[in-house]
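First comes the structure, then the notes that go with it.
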Ligand code: SF4
């Protein structure tokens, strides 16, 4: 059995965000956007990486100071800047995967050509108190974004965040919502099962984390509910003992970076590949691109990344270099 991972670099373009999720340790009120030079510096260090993971706060343009910076730099809005950074990544031989939060169909279309795939965590398909100050976390808005990506046939990553106030049956319902979308559009490549980790200084710093058994049960449930062509990803920096999850059907370990931290959980460093190989028992570790093999073969990725994908992919659609 094959377990995949992607070699990436993580670009937190801004920590300014219109939402206020009670568990978030990433958002900052200090106005700041990563400058082109900072972004490029990371690309230049990204020797083995093939993926540029763009993750940032949702709709930072709500801040007038952000709009002012963008105007000074010659951009109409934040998404135009993101597209420019996507293009810069491609020019450095990296395949962009962007998580921009809730987007309209037009905004998705804007990103589509310059990305190998896009992502948006559903988190949970039910309203939760921790999202009461986060307009972008309304389940219907997130579901609409995922469906619109389906209409545009954009390979897509989504996932569940566990332990943020949902009940066990909410998890099952959220997985059923994703399964239904997949049956209608077929564009979902992976579903991340991510466990909540409390962050100091947040409203949920004293919340209990979901137990190992709960995460295990959710992966088991996900494998039963989701169609077989959807991979299940577990984060190997948040879960130490990954082997039982692989036995239950998890088959992806997400992005691993040699040079950038997990900015969402900076206290938990990425494991090395040699460490991962030890932790997966008899499974075979194989590098994939930010677009999954099935979609590589179907050529469902942004037109601007097709040249790179041709160079980086093998005949099965996995990464050509770095297979084990
Ligand atoms: S949307 Fe993301 S960055 Fe924004 S507050 Fe919520 S968790 Fe933090």
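Since every read-out is calculated from the coordinates, none of them should be taken as a lab result. Note that the coordinates shown come from a computational prediction; the quantities given were computed from them, not determined experimentally. Glycine also receives a Cβ, built like all others from the backbone with ideal geometry; neighbour counts cover every protein chain displayed.
Pairing each residue of the range 19-41 that is under 18 Å from residue 79 (Cα atoms) with any residue that is away from the ligand (no atom under 15 Å from the Cβ), provided the two are 6+ apart or on different chains, yields C-beta distances under 6 Å for 31/65; 33/69; 39/85.
Of 178, 192, 164, which residue is crowded, with 16+ Cβ neighbours inside 10 Å and touching a helix residue (DSSP H, G or I) at 6+ places or on another chain (Cβ under 7 Å)? When all the criteria are applied, what remains is 164.
Among the residues making up the range 42-68, those that are free of Cβ contacts under 8 Å to residues at least 40 places away in the same chain and touching a helix residue (DSSP H, G or I) at 6+ places or on another chain (Cβ under 9 Å) are 61, 67.
Can you say whether residue 246 is surrounded by 17 or more Cβ atoms within 10 Å (Cβ to Cβ), assigned to a loop (DSSP other than H, G, I, E, B) and either touching a residue at least 60 places away in the same chain (Cβ under 8 Å) or at negative phi (or both), as far as the supplied structure shows? So residue 246 fails the test.
Please verify whether residue 118 is over 26 Å from residue 309 (Cα atoms), touching a residue at least 24 places away in the same chain (Cβ under 8 Å), within 16 Å of the ligand (Cβ to nearest atom) and touching a strand residue (DSSP E or B) at 6+ places or on another chain (Cβ under 8 Å), treating the condition exactly as stated. The answer is no for residue 118. In this structure, does residue 51 turn out to be surrounded by fewer than 20 Cβ atoms within 10 Å (Cβ to Cβ) and over 20 Å from residue 136 (Cα atoms)? No, not satisfied.
A quick yes/no check of all residues on (1) surrounded by fewer than 17 Cβ atoms within 10 Å (Cβ to Cβ); (2) assigned to a loop (DSSP other than H, G, I, E, B):
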residue: 224; (1), (2): yes, no
residue: 228; (1), (2): yes, yes
residue: 232; (1), (2): no, no
residue: 238; (1), (2): no, yes
residue: 255; (1), (2): no, no
residue: 258; (1), (2): yes, yes
residue: 271; (1), (2): no, yes
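Answer with yes or no whether residue 179 is in a helix (DSSP H, G or I), out of contact with any strand residue (DSSP E or B) (no Cβ under 8 Å at 6 or more places or on another chain) and farther than 25 Å from residue 301 by Cα. The answer is no for residue 179.
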